[in-house]
1. What tally of residues in region 132-191 results from selecting those that are out of contact with any strand residue (DSSP E or B) (no Cβ under 8 Å at 6 or more places or on another chain) and among the acidic types (Asp, Glu)?
2. Pairs please, first residue from region 336-347 and farther than 10 Å from residue 386 by Cα, second anywhere and among the charged types (D, E, K, R), Cβ atoms under 7 Å, 6+ apart in sequence or on different chains.
3. What helices (runs of 4 or more DSSP H), lying completely within region 243-361, carry at least 3 residues that are away from the ligand (no atom under 16 Å from the Cβ)?
4. Can you tell me which residue in region 675-708 is farthest from residue 661 (Cα to Cα), limited to those that are assigned to a loop (DSSP other than H, G, I, E, B) and open to solvent by 30 Å² or more (accessible area, probe 1.4 Å)?
5. Tell me which of these residue 457 doesn't satisfy, since it passes every other one: (1) open to solvent by 40 Å² or more (accessible area, probe 1.4 Å); (2) touching a residue at least 40 places away in the same chain (Cβ under 8 Å); (3) farther than 25 Å from residue 329 by Cβ.
6. Could you grab me the full set of residues in region 14-56 that are basic (Lys, Arg) and either open to solvent by less than 50 Å² (accessible area, probe 1.4 Å) or part of a loop (DSSP other than H, G, I, E, B) (or both)?
7. Out of curiosity, is residue 431 surrounded by fewer than 17 Cβ atoms within 10 Å (Cβ to Cβ), at pLDDT 95 or above and not in a strand (DSSP E or B)?
8. Just to be sure before I move on: is residue 124 part of a loop (DSSP other than H, G, I, E, B), open to solvent by less than 10 Å² (accessible area, probe 1.4 Å) and at pLDDT 95 or above in the structure I sent?
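The values are calculated or read from the model by the stated rules, or taken from the named source; none is laboratory data. Only a predicted model underlies this, so the values are computations on that prediction, with no experimental measurement involved. Cβ placement follows ideal geometry from the backbone for every residue including glycine, while neighbour counts extend to all protein chains displayed. For accessibility, only protein heavy atoms count, side chains too; no ligands or nucleic acids. Shrake-Rupley method; radii C 1.70, N 1.55, O 1.52, S 1.80 Å.
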Amino acid sequence: MISKKDQLFNLSTNNTTYLFAITETGHLEHLYYGKKISSEGISHAALAEKRSLSIGTGTAYSSDNPTLFLGNLCLEYSSMGKGDCRESFVDIEYGRGMQTLDFVVKSFRIIPGKPRTFSGLPESYGDKSTCTTLEITLKESGLPIRLVLTYTTFEDSDVITRRSAIYNDSDRTITIRNLASLQLDLDGDGWNLVTFDGAWARERYMHERPLSPGIIINDSKTGVSSAEHNPCIFLTNEDGECIGTNLIYSGNHREVVETSPYGKIRLLTGINPSQFSWDLGPQDRFQSPEAILTFSPKALNGASQNFHHFVNNHIIRGEWKFRERPVLVNNWEATYFNFTEDKLISLAREASSLGAELFVLDDGWFGIRNDDTTSLGDWTVNPKKLPSGLGGLALEIHRMGMMFGLWVEPEMVSIESQLYKKHPDWMVAIPGRKPSVGRNQYLLDLTRSEVRDYLFKMLSDTWHLADVNYIKWDMNRTFSDLYSSNKEIKNHGEFLHRYVLGLYELLSRLTTAFPNVLFESCASGGNRFDLGMLCFMPQTWTSDNTDALCRLYIQEGTSCGYPLSTMGSHVSTSPNHQTLRKTDLEARFNVASFGVLGYELDLTKLNRQQKEAIRSQISFYKANRSLLQYGTFTRVKWANRGANHVVWAVASGDRSTLLVLFAQKLNQSNPGSDRLKIEAVDLNATYEVFPRQQKIDIRTFGDLVNRISPLAIAEGGLAQDTLSKALSFDSEVEHYRVSGELLANAGIKLNQQFGGTGYDGETRVLGDFGSRIYICKKID
Ligand code: GLA
């Protein structure tokens, strides 16, 4: 809902209110963002900044307004040169380096639903029943330039989106040096900033720090949204309030969080002004990506649930929206580049017999690619590896009753490729300089339409041929040596944004041409996990790191901004290929099941015990997958906040079923008791609570098995190995019938963990990195 009364704009969602007003000078003063206040109770006078006195050394707006200091107002947008010296929302160079700007309100309109953007950028969607839009046009007081601010309220998600646009009504070119998507100015109420940072194989670990005077920047200058700093950030405070923002964009982004000398907080998000400048010709216009904003009084869990609702309802689109995602098997870590058709077929047979629904052929099927030095760009099958072609392989897979998926990395080119020989200038490199390199590969210039046309044709021909049901779209290096021979580009400050626009155009054509295909985005794992990619591809490969311990941090961090339905999570082998850590197969599954499940290990090498375990994992996952992909997710004890026992819960909408992960980072000797306390239940209901039955590898006990074995079994010996293939222990039996109130308020004291004093059918054997999934089912 959006309304305007006198000078005050009121943007409300089901549970939040956002208020701002037009000042006597035509600027927009932000008044409030938080829990809902009914419109009758709102007083502009009570919320406005008091300004009867001037501020020492402050610059007043004008001699007519001697106590109006833009530098100490909460504003909806800001610019330089009129007394507000905080980081600014918009920065335009319009002649001989001049940058002073002063935009004032000219008009506004309230539109049911949401008008489409003109920018070529992906955006959220909704109709008149779910959203309302407010468009405010501001005019520069001395120049023919307009700034348009657009707000859309999504009532059902408690989300407000924002974007901005510049219109050059003059007859001269102006240069946009910065245009943010969103500005939120707040009073400093003891806010902490939460960011999601990392690198390859350790994406989106969560970091929290209190704000103090000065500026914190969370950004990417890599050309992609990056594993280094995700565009999703939160502000949290001790009262349990939480504000979150994210950006629907896959390129360089910047979030500025500034604490002013007067204790006000300014949050800006948008395209990173670093390496960006945009020449806007006469009568031309430029639009920013859309940013999203939420508030919750229920801390980070509440704000992230709002984001989950928003992403599932207003970002993910097409055939796979709210559709249960298939359990996949991917050959990458099973074979790397070294596979034959026979090997793939035998992997697929195993996959199908264990219950998998989708077989994915990863890197190495095209050109002459036997390692990562060649062939990117040549998207035709390697007949030596696949004599029956992609079509033949796909047919076999389909005959097994599975879907067929294929890996591609279209944005790249290898020097050793047919494509490079033919079109060396399609590669991003500066003429006359040796370009920098990542993973032996280079970027294709997606700003050029002929490059996109080539890729569209090449890819769509191959995908038709292979009758694909799924595409993994990878991107394994970041940008360097920015240059384009594209004649349209006069100013290379435009290159990165034009690349992103080119990518989106290509994705839009391909996803339209293949509406039934499930797309999964990937960038060396999660180097481009963002809302822009999710507008085209409903899931993302979260990280190349599938270690069960690391995944507690990675998935938990990622889940703050993105729902479980978007997070690809695979069970891989042990020791893990990224960390060499040994973890239990069941523990790997327990963590991976909180997301879109897959397996990525050599299934043909598994013993009977392991196959049985996987078969029952997959059938458990299928039985519960609507919950594990679309349920309401709450972090009860956070891996990222230092808990040794990590607890996550996912609940069905009616709270009739909950699945609770109880994961242990490190085993304690002689441990105390563990409690399962879950607030997200129906307080008036009665629940049955019990753990998913899992297998305990007898090797867990080392030579302690000799206590019960008639034969001597040496640790690491042949007998132990042989025995473990045929035999395993069942996990503990534990079963309760309790009220929702008990579960929420008191919690259940769980069976004792193994503590070195004995073992029986009730002992919880978790060990290091071990876990259980508890099932809470409402009894009628
Ligand atoms: C990237 C991906 C992996 C795999 C390899 C193939 O690293 O993240 O999952 O596809 O590329 O080269």
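1. Pass one, region 132-191, residues out of contact with any strand residue (DSSP E or B) (no Cβ under 8 Å at 6 or more places or on another chain): 142-143, 156, 171-172, 189.
This time we only want the ones that are among the acidic types (Asp, Glu), so: 156, 171, 189.
Number satisfying all stated conditions: 3.
2. Final answer for the pair search is 337/363; 337/369; 337/371; 345/396.
3. Values: elements: 299-314, 332-335, 341-354.
Ranges flagged: 299-314, 341-354.
4. Within region 675-708, the subset assigned to a loop (DSSP other than H, G, I, E, B) is 677-685, 692-694, 708.
Checking the rest, the ones that are also open to solvent by 30 Å² or more (accessible area, probe 1.4 Å) come to 677, 679, 682-684, 693, 708.
Numbers: 677: 12, 679: 14, 682: 18, 683: 20, 684: 23, 693: 13, 708: 31 Å.
Of everything passing the filter in region 675-708, 708 is farthest from residue 661 (Cα to Cα).
5. Answer for residue 457: the failing condition is (2).
6. Just the residues of region 14-56 that are basic (Lys, Arg), to begin with: 35-36, 50-51.
Listed by number, the residues that qualify are 36, 50, 51.
7. On the way: surrounded by fewer than 17 Cβ atoms within 10 Å (Cβ to Cβ): yes; at pLDDT 95 or above: yes; not in a strand (DSSP E or B): yes.
Spelling it out, residue 431 is indeed surrounded by fewer than 17 Cβ atoms within 10 Å (Cβ to Cβ), at pLDDT 95 or above and not in a strand (DSSP E or B).
8. Values: part of a loop (DSSP other than H, G, I, E, B): yes; open to solvent by less than 10 Å² (accessible area, probe 1.4 Å): yes; at pLDDT 95 or above: yes.
So residue 124 fits the description; yes.
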